[in-house]
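*Asks:* My questions all concern the structure below.
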Amino acid sequence: MTDVLKDKIAIVTGGAKGLGAAVAAELASEGAIVVVTDIDGDGAAKTAEGLNRGESAVLDVRDDAAVGALVEDVVSRHGNLDIMVANAGIATVTSVAEMDFETWRSVLAVNLDGVFSSVRYAGRAMAASGGGSIITMASITGFAGSPLIAHYAAAKAAVISLTQTAAVELRGHGVRVNAICPGFIGTDLVLDRASQFEQGLGIDDFGAIINQAQGRLGDVSDVAPLAAFLASDRSRFSNGSAFVVDGGMSASLV
Ligand SMILES: NC(=O)c1ccc[n+]([C@@H]2O[C@H](COP(=O)([O-])OP(=O)(O)OC[C@H]3O[C@@H](n4cnc5c(N)ncnc54)[C@H](O)[C@@H]3O)[C@@H](O)[C@H]2O)c1
């Protein structure tokens with residue numbers, strides 16, 4: 001533990017488990033006061049209980065007004081907001097041709113619209129108080145074709161674009177906006193869908209494909225320290241960037 005985020009006020013969306021929970025723990029271990037939010041309020045509370053000075057709130061990022069109200073509440077109680085981690089995300093597994101419109105929309109609603117709401121309200125609050133750091137949880141799927149998760153990948157590509165534009169627009173207000181692009185990390189999001197990928201892609205062992213591409217399945221601890229770095233002033237010259245954490249997967253054609 002260091003004090004590099006001492007007394008910084010942070011919001012993490014989708015913090016009940018997986019990457020969000022790990023990022024919340026990392027920020028708190030660096031001294032931040034973290035408001036853990038999730039559509040799963042009990043899960044968010046459980047994550048927050050494990051943190052030094054953790055707080056929690058129920059938040060569905062699809063509810064734009066609720067995201068605004070949460071940011072306003074945090075600012076009114078703590079004086080300002082320093083860090084927003086727009087992490088909440090979902091995935092389903094279907095080919096483009098077989099995907100129905102509702103499924104397409106449901107993933108975009110969380111993975112893109114939810115990030116838009118998180119960025120815009122946090123950006124506004126941070127600009128008003130003189131600065132801050134916004135981190136979006138994108139994915140390497142935002143850079144390439146991603147079979148069976150077109151909606152997810154399209155949302156991630158759009159999140160990278162949103163991150164770049166917000167970074168440029170907010171730069172003059174001292175607000176930085178950066179994206180983290182993980183490869184395949186061993187959370188429920190991936191592990192619960194391995195058999196669907198195997199079925200849809202006609203392969204026997206999804207894990208073996210991941211091992212070949214990344215060397216191994218990623219762990220949340222491979223990603224969380226990058227979020228703390230981007231949240232802190234140590235990354236002060238990084239803005240509008242997309243940081244890949246994928247064991248080299250996207251660096252290789254074979
Ligand atoms: N696991 C990976 O391999 C991987 C790779 C790249 C990017 N990501 C991204 O990282 C983020 C976190 O994913 P994860 O792997 O930890 O998944 P996860 O399924 O373990 O956790 C996702 C969390 O988001 C919450 N959530 C879902 N819908 C929500 C909503 N509408 N409002 C608020 N919270 C909601 C869930 O309740 C859950 O706690 C996502 O944006 C995901 O796309 C994950």
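*Asks:* Quick one: is Ala109 hydrophobic (A, V, I, L, M, F, W, C), within 14 Å of the ligand (Cβ to nearest atom) and more than 23 Å from Val223 (Cβ to Cβ)? Let's see the steps before the verdict.
*Replies:* Details: hydrophobic (A, V, I, L, M, F, W, C): yes; within 14 Å of the ligand (Cβ to nearest atom): yes; more than 23 Å from Val223 (Cβ to Cβ): yes.
Yes, satisfied.
*Asks:* Next up: Out of (1) out of contact with any helix residue (DSSP H, G or I) (no Cβ under 6 Å at 6 or more places or on another chain); (2) closer than 17 Å to Gly18 by Cβ, the odd one out for Leu51 is which?
*Replies:* Here Leu51 clears every test but (1).
*Asks:* Go through segment 139-177 and report how many residues are out of contact with any helix residue (DSSP H, G or I) (no Cβ under 7 Å at 6 or more places or on another chain), of a type in the set (Val, Ile, Thr) and over 17 Å from Val244 (Cβ atoms).
*Replies:* Within segment 139-177, residues that are out of contact with any helix residue (DSSP H, G or I) (no Cβ under 7 Å at 6 or more places or on another chain), of a type in the set (Val, Ile, Thr) and over 17 Å from Val244 (Cβ atoms) number 2.
*Asks:* Going through Ile39, Ile90 one at a time, which residue ends up being surrounded by fewer than 24 Cβ atoms within 10 Å (Cβ to Cβ), near the ligand (Cβ under 8 Å from one of its atoms), free of Cβ contacts under 8 Å to residues at least 60 places away in the same chain and under 18 Å from Val115 (Cβ atoms)?
*Replies:* Details: Ile90 fails: free of Cβ contacts under 8 Å to residues at least 60 places away in the same chain.
Sole residue among the options that is surrounded by fewer than 24 Cβ atoms within 10 Å (Cβ to Cβ), near the ligand (Cβ under 8 Å from one of its atoms), free of Cβ contacts under 8 Å to residues at least 60 places away in the same chain and under 18 Å from Val115 (Cβ atoms): Ile39.
*Asks:* Report, by residue number, each residue of segment 197-213 that is over 16 Å from Val93 (Cα atoms), in contact (Cβ under 8 Å) with a residue 24 or more places away in the chain and more than 10 Å from the ligand (Cβ to nearest atom).
*Replies:* Ala213, the sole residue that qualifies.
*Asks:* Still on this model: Please name all residue pairs, on different chains or six or more residues apart, with Cβ atoms under 7 Å, provided the first residue is in segment 184-196 and is more than 6 Å from the ligand (Cβ to nearest atom) and the second residue is among the aliphatic types (A, V, I, L, M).
*Replies:* Close Cβ pairs (under 7 Å, with a partner that is among the aliphatic types (A, V, I, L, M)) amount to Gly186/Leu217; Arg193/Ala91; Arg193/Val93; Gln196/Val93.
*Asks:* Inside segment 83-103, can you point out the residues that are out of contact with any His (no Cβ under 9 Å at 6 or more places or on another chain) and under 30 Å from Ala125 (Cβ atoms)? Steps first, please.
*Replies:* From segment 83-103, those out of contact with any His (no Cβ under 9 Å at 6 or more places or on another chain) are 83-90, 93, 95, 97-98, 100-102; that's our starting set.
Residues satisfying the conditions are Ile83, Met84, Val85, Ala86, Asn87, Ala88, Gly89, Ile90.
Every number in this text was worked out from the coordinates using simple rules, so none of it is lab data. Given the structure is predicted, the values throughout are model-derived calculations rather than measurements. All Cβ positions, even for glycine, are placed from backbone atoms using ideal geometry, and neighbour counts span all protein chains on display.
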